[in-house]
């Protein structure tokens with residue numbers, strides 16, 4: 001069944017209610033409540049019959065009705081301008097659990113139309129177990145967000161129930177990476193895996209192992225790891241070494257001083273060096289916390305803002321909407 005969305009249609013009626021609710025800079029709560037009641041009743045009754053839908057609950061009508069029909073008909077409302085802010089980590093040191101791209105959560109935290117201005121999202125590790133970590137998500141303005149984030153899985157997606165905080169993100173598995181390797185000794189660093197890193201034990205408080213590569217003068221090289229830069233300078237407290245090698249390729253590391261380290265390094269070039277830093281992929285721990293914010297939101301979409309603030313729902317949106325905000329202003 002064809003639906004008229006804009007002037008003379010669905011949002012002409014909804015927009016009129018929003019316009020009345022926004023008529024004054026300080027709108028009495030009774031007027032807002034009246035507008036919310038009207039919109040809810042309109043969706044439950046007029047829109048349900050107009051779209052020939054059998055759903056009877058408001059939530060079913062919302063997810064399976066109005067949004068589905070808008071998407072089917074390529075209908076959008078004016079979007080708000082949203083930005084989640086910056087990502088920070090609080091734990092046992094910095095730069096903490098960064099990956100090679102330098103981002104500890106994911107390479108692009110996506111903001112959605114549910115975001116609230118000046119909000120900060122707090123994501124706390126509630127259980128940690130070998131890549132199956134669980135994270136509780138909190139909004140400074142809304143409180144605990146329903147659902148649980150999982151390491152390696154998308155959390156928060158536009159138009160779904162766990163989008164109430166206004167962001168989508170994936171907490172990536174920790175990755176190791178290398179800095180200061182000007183000679184390319186590590187070759188492709190992703191092929192090297194040093195396991196068992198523990199901050200402040202066999203690496204420094206930032207999870208860094210300080211690497212030196214020696215040359216005996218006869219073409220034989222060896223790689224040695226130290227827990228601090230001072231130890232590397234003083235040649236003390238080494239935490240691993242490789243056997244002497246004279247060719248490139250994979251080399252096993254041998255733990256020293258009961259460090260508990262294991263794994264392999266892949267040698268890409270034969271050279272001596274004493275300025276390489278290896279950032280170990282250290283597992284997340286309970287209490288590790290990501291902070292995202294403060295958010296910046298410009299409420300340019302009158303219809304979108306009304307649904308966000310009063311129903312905690314968002315409509316399909318774009319910068320060039322098919323349903324004009326003028327219906328509600």
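Things to note:
- Conditions (1) touching a residue at least 40 places away in the same chain (Cβ under 8 Å); (2) out of contact with any strand residue (DSSP E or B) (no Cβ under 7 Å at 6 or more places or on another chain); (3) not assigned by TED's automatic domain parsing to the domain that holds residue 275: number failed by residue 199: (3)
- Any hit, segment 263-270, residues being touching a helix residue (DSSP H, G or I) at 6+ places or on another chain (Cβ under 6 Å), free of Cβ contacts under 8 Å to residues at least 60 places away in the same chain and not assigned by TED's automatic domain parsing to the domain that holds residue 125: no
- The residues of segment 128-141 that are modelled with pLDDT of 90 or more and either assigned to a loop (DSSP other than H, G, I, E, B) or more than 17 Å from residue 294 (Cβ to Cβ) (or both), listed by number, are 134, 135, 136, 140, 141.
- The set of residues from segment 171-197 being over 20 Å from residue 251 (Cα atoms) and surrounded by 16 or more Cβ atoms within 10 Å (Cβ to Cβ) comprises 171, 172, 174.
- Pairing residues of segment 303-329 that are closer than 18 Å to residue 7 by Cβ with residues that are surrounded by fewer than 15 Cβ atoms within 10 Å (Cβ to Cβ) and modelled with pLDDT of 95 or more, at Cβ distances under 9 Å and at least 6 apart in sequence or on separate chains, gives no pairs at all.
- For segment 1-18, filtering for residues that are part of a loop (DSSP other than H, G, I, E, B) and in contact (Cβ under 8 Å) with a residue 60 or more places away in the chain leaves 4.
Let's see how each residue does on (1) more than 20 Å from residue 242 (Cα to Cα); (2) assigned by TED's automatic domain parsing to the domain that holds residue 65; (3) in a helix (DSSP H, G or I):
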position: 146; (1), (2), (3): yes, no, no
position: 168; (1), (2), (3): yes, no, no
position: 183; (1), (2), (3): no, no, no
position: 186; (1), (2), (3): no, no, no
position: 190; (1), (2), (3): no, no, yes
position: 205; (1), (2), (3): yes, no, no
position: 209; (1), (2), (3): no, no, no
position: 213; (1), (2), (3): no, no, no
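The values are calculated or read from the model by the stated rules, or taken from the named source; none is laboratory data. Small disclaimer: the values here were computed from a predicted structure and weren't measured. No Cβ is skipped: glycine too gets one built from the backbone with ideal geometry, and neighbour counts run over all protein chains shown.
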